[in-house]
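Read the structure below first, then the notes.
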Amino acid sequence: MTLRPFRIILVLVTSLIPLALIAVLVFLARYSWPALTFNGWHFLVGHTWSLGNLYANPVKQRGVLVPIGANYGILVFIVGTLLTSAIALVIAIPVSLGVAIFLAEGLRSRLRIPLSFVVEMLAAVPSVVYGLWGYAVLTPLVAHTLGPGLRAVLGFVPFFAGPIGSGYGLLAASIVLALMVVPIIAATVRDALARVPAETKEAAYALGATHFEVVRRAMLPAVRTNIIGACILGLGRALGETMAVLMVSGGALNYFPGNIYSPITTMASFIVSQLDSAMQDPTGMAVRSLAEIALILFIISVITNIIARLLTGTSRNASPV
C-alpha cells in the first residue's frame, strides 16, 4: 500500500527528533574519541583535572598529542552532580506531593485551574533567573541563617557539621535545583491523581474512610508508578541543570565536599565554566575531554528520561494495592 503524502510528511517530521538525538550522540562520540582513547577508565575514577603546561611543546601519549602534565579526571564532578541531584530530590519530593494533592483534592474547581497554571509556569522560568535569585537571596540566607540553624540542630551528624563558609555550595545548589524540580513532579502527579477513577474514591468513602485516608490509602497507591516516573523525570532535570547551579555552587575544582555547605561543581556547570580555559589548549584535548563529559551526561540524561516516560505512561488507571 502506497503511503499518502500526508502520512509521508508525518513520518518525516516524527523522525526529526530521534534523528537529532542520534546526530548529537554520533557527533559527541566522534569528537571526543581522542579523549576517550587518551583518558580511558581513569577519566571516571580520577579526581584531578589539570590542563597541564599550555606553553611548552605538547608530547605524544597513547597515540595523541597532549600538553605536558595534562590530566583529566571527573570523579569530583560526578560526586557533585549526584549529591546535588539526590539532595534536591529529598527536598522536592515531599513538597511536590503536597502541592499535587492540594491541587487535585484540596481546591475548588474554580481555583484549581489557575493555580495549576501557576505551578506549571514555574517550570518555564529560565534557569538563570533561579540562579540570580540564589546568588542574591539564597546564598546569604544559607551563610547567616539556614546553615547555622542546620548545624545547631543536626551538628551531631558529620555531614551537617563543620564550617559553613560564604553560602555558595552544595546546600544552595540543591535548594535551587529543588525549586526547579518541584513544578515538574507536582504537575505530573497532579495529572495522575486527576485520572484516578471516581469509583475508587467512592468505594473508599463507602468503607468509612476520611478524605485524608482516601488520598493516602486509595489514590496515592493507584498512581505509585506515576510518582516514581515523575521523580525520575525530575532527576533528569536536576542532572542536566547548568547555569543556576554554576551561579550558586562555588565552583570547586579537584575538591570533594566535606559537608553539605562545601563548594562543589557538577558535570554540566563544569563544562560551561571551563570551556574558555580549555580552548587555550593548542592540542584541543581539553575541549575534547569536555565533550567526553558531555557525552556521558547526555547518555545518562537520555536513559533517565526514557525510564521516566515509560513509567509515567503505564499504570495510569491501576487499582490500589
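Worth a mention:
- Residue-wise HN-Hα couplings along region 45-58, as the Karplus relation 6.51 cos²θ - 1.76 cosθ + 1.60 with θ = phi - 60° gives them from phi, are 10, x, 10, 10, 10, 9, 6, x, 8, 7, 9, 8, 5, x Hz; Gly and Pro carry x.
- In order along region 158-172, phi translates into HN-Hα couplings of x, 5, 9, 9, x, x, 8, x, 8, x, 7, x, 4, 5, 4 Hz, rounded to whole numbers, per the Karplus curve 6.51 cos²θ - 1.76 cosθ + 1.60 with θ = phi - 60° and x for Gly and Pro.
- The long axis of helix 267-278 is offset from the longest Cα principal axis of the chain by roughly 30 degrees.
- Helix axis angle, 224-240 relative to the chain longest principal axis, alpha carbon, degrees: 30 degrees
- Alpha-carbon spread of the chain, three principal axes, descending order, Å: 80, 73, 32
- Candidates per chymotrypsin sites (Phe, Trp or Tyr not before Pro) in region 42-139, loop by DSSP, up to 13 other Cβ within 10 Å: Tyr55
- Computed over protein heavy atoms with a 1.4 Å probe, the carbon and sulfur contribution to the accessible area of the chain reaches 70%.
- Backbone N within region 181-197 under 18 Å of label point (7 Å from Val129 Cα along the Cβ vector): 181-187
- Once the 1.4 Å probe is applied to the protein heavy atoms, region 10-124 comes out at 60 Å² accessible per residue.
- Stretch gain in nm, segment Val157-Val59, where the contour uses 0.36 nm per residue and the Cα spacing is subtracted: 30.5 nm
- Helix 285-312 vs. the chain, principal-axis angle (Cα, 0 to 90°, nearest 10): 10 degrees
- Using the Cβ of Leu82 as centre and a radius below 15 Å, the other residues enclosed give a net charge of 0, where K and R count +1 and D and E count -1.
- Cα shape, region 173-231, gyration tensor, a/c 1.5 rule: prolate
- Of Leu132, Leu83, Leu122, the residue with the largest accessible area leads and the full order is Leu132, Leu122, Leu83 (1.4 Å probe).
- The trypsin sites (Lys or Arg not before Pro) of region 155-214 that DSSP puts in a loop, and whose beta carbon has at most 15 other beta carbons within 10 Å, are Arg195.
- In plain terms, the chain from Met279 to Ala203 could stretch by 20.9 nm, reckoned as 0.36 nm per residue minus the Cα-Cα distance.
- Our estimate of slack between Ala23 and Ala86, defined as 0.36 nm per intervening residue step minus the Cα-Cα distance, is 19.7 nm.
- The share of alpha-carbon pairs in region 58-203 lying farther apart than 26 Å comes to 47%.
- Kirkwood radius and radius of gyration were both taken over the C-alpha atoms of region 139-271, and their ratio Rg/Rh is 1.15.
The values are calculated or read from the model by the stated rules, or taken from the named source; none is laboratory data. All values reported here derive from a predicted model rather than from experimental measurement. Reconstructed Cβ throughout: ideal geometry from the backbone, glycine too, with neighbour counts over all protein chains shown. Ligands, DNA and RNA are excluded from the accessible area calculation, which covers all protein heavy atoms including side chains. Shrake-Rupley method; radii C 1.70, N 1.55, O 1.52, S 1.80 Å.
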